[in-house]
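Laboratory data are not the source of any read-out in this text; all were calculated from the coordinates shown. This is a predicted model, so every value here is computed, not measured. Cβ coordinates were reconstructed from backbone atoms using ideal geometry, including for glycine residues, and neighbour counts include every protein chain displayed.
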Amino acid sequence: MQTSIRRRYFNKFATTIAAITGAPILFAQQPQAPGAQSTTPAAGRPPRNTHTHNGVYYFSGTGSNDGYPREDHVLVTDPFEKHVTRTMDALKKSLERAGSNMDSILHMEVFLCLPHAESVPMPTGKARFDAHKAQYDALNKIYGTYFSPGKAPSRACMAVEWIPGDSLIEMVGSALVVTPPPAA
């Protein structure tokens, strides 16, 4: 009983000291380097999150339904090749908006999953491996057509259990910004 009371007292004391000594650090304004862009929104505009840092554009979560209207939504039951083509097209558009291009991709991680639908039985064992291998082969046939010869980036490809948004593929990575993106 005594130990519990002492621990509670010590925890409260330590929390109070941390709050008191850390408060000035939390509320202090950091000096801005000369020539650095301000992170404060100008004239009441919300800040733009460009995902670009030091000339590198970081793209995340590009899937087969990104950039497409709701009425043009693909489903997990649509052919895998359609998912790949739409994902690559969405990625290309995203890179161009950021001032980059497909040949400037530094590294990419590709996630694939099998369709989860009541009308599609989930394979097991060797059949599951074969299904993932078929997806990988289909990906490679389409993937190579989006890059200039010898310009395909380093890539990791992983099979996962599920990808959000009715997509069977998702891409994450980084690319060099080669031209400044147009001002908004």
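Worth a mention:
- In terms of distances greater than 24 angstrom between alpha carbons, the cross-link table entries 82/133; 92/151; 93/133 yield 93/133.
- Computed log₁₀ I(q)/I(0) - Debye formula, equal Cα scatterers, no solvent, the range 47-184, q 0.11, 0.14 Å⁻¹: -0.42, -0.66
- Compactness index (Cα Rg / 2.2 N^0.38 Å), the range 123-184: 1.49
- When you count the other C-beta atoms within 10 angstrom of each residue and take the mean per peptide, 122-131, 59-68, 82-91 line up highest first as 82-91, 59-68, 122-131.
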